[in-house]
Amino acid sequence: MATDRGTDGPGTRAALLLLADGRFPAGGHAHSGGVEAAVAEGRVTDASTLAEFCRGRLHTTGPVAAALAAAATAGADPLGLDAAADARTPSAALRAVSRRLGRQLLRAARAVWPAPALDDLAVLRPRGAHQPVVLGVAAAAAGLAPRDAAYAGAYDCVSTPAFAAVRLLGLDPFHAVAVLGRLAGEVDTVACAADAVARRALDEGLDVLPAASAPLLDLGAEAHAVWPTRLFAS
């Protein structure tokens, strides 16, 4: 179990930055976080509508991913969390994507922060555990605290579609980054709440973890999965 030292422990601030970096070889650059389907449907057309999309994602899938990651870092059973993630992901396409991203993240994390917990997870889930669960186990291996993992999970929910929109819309990168900057306070709120509920889950069970849904993301993912031509894998 990770200690509650947050990003003040030796070397952990750099570890958090590395884990949240879009260039970390965890496969996230190949995915759009659902924004490719939203662009095709005309729901995301500019920086303003991108901000609305990211905010909606942050407050639906965001708390779920952040809490799962924080609980895994706090020491909750990763297999139980993996089952909880499955139950909270109604779209088969998104379940497959999450496990594919989890497998890639696990491979990268084992190279950077070798740890028995990561090796065990690779054996128990050879086809991949859900990405937020792997994120939490990796964060613990890196010496991070549950809240750090929650921040990484919440930030990923908005950064993935924001950067994908630059390529999809030809959006000015400055405008995309401005979207993330304006959401910073809300990312803080989601991460802190996820940290708190993850700690409750250790005593009260995994049913207390968030189970918010985003039906448009689910429907978009199912449609996107069968497109003959697409820029992003999801």
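So here's what we get for this one:
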| read-out | value |
| --- | --- |
| Residue among L124, L94, L58 with the largest mean-square fluctuation in a Gaussian network model of the chain, springs linking Cα atoms under 10 Å | L124 |
| Helix-only [θ]222 nm of the chain, DSSP H runs n ≥ 4, -39500 (n - 2.57) each, per residue, nearest 500 | -21500 deg cm²/dmol |
| For the stretch 96-153 versus the stretch 37-71, the gap between their alpha-carbon centres in whole angstrom | 22 |
| Bins of 10 Å from zero: percent of alpha-carbon pairs in the stretch 98-192 | 16, 38, 31, 14, 1 |
| Solvent-accessible surface ranking, highest first, for C157, C192 at 1.4 angstrom | C192, C157 |
| Nitroxide proxy distance, nm - points 7 Å out along Cα→Cβ at A83 and E41 | 3.2 |
| Where labels lie 7 Å past Cα in the beta-carbon direction, separation of V123 and A30 in nm | 2.8 |
| Cleavage-rule hits (trypsin sites (Lys or Arg not before Pro)) in the stretch 82-141: DSSP loop, at most 12 neighbouring Cβ within 10 angstrom | R127 |
| Degrees separating the helix 215-224 axis from the principal Cα axis of the chain, which is the longest one | 70 |
| R55/A14 FRET efficiency (R0 45 Å; Cβ-Cβ; nearest 0.05) | 0.95 |
| Given [x] -0.60, -1.19; [y] -0.68, -1.27; [z] -0.49, -1.22, the label whose value is log10 I(q)/I(0) by the Debye sum over Cα atoms at q = 0.11, 0.17 Å⁻¹ derived from this model | [z] |
| Of all accessible heavy-atom area on the chain, the percent that carbon and sulfur account for (1.4 Å) | 58 |
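The values are calculated or read from the model by the stated rules, or taken from the named source; none is laboratory data. The structure presented is a predicted model; accordingly, all values stated were derived computationally and were not measured. Note that we place each Cβ from the backbone using ideal geometry, even for glycine, and neighbour counts take in every protein chain shown. When the accessible area is computed, the model is the full protein with side chains, heavy atoms only, and any ligands, DNA or RNA have been set aside. Shrake-Rupley method; radii C 1.70, N 1.55, O 1.52, S 1.80 Å.
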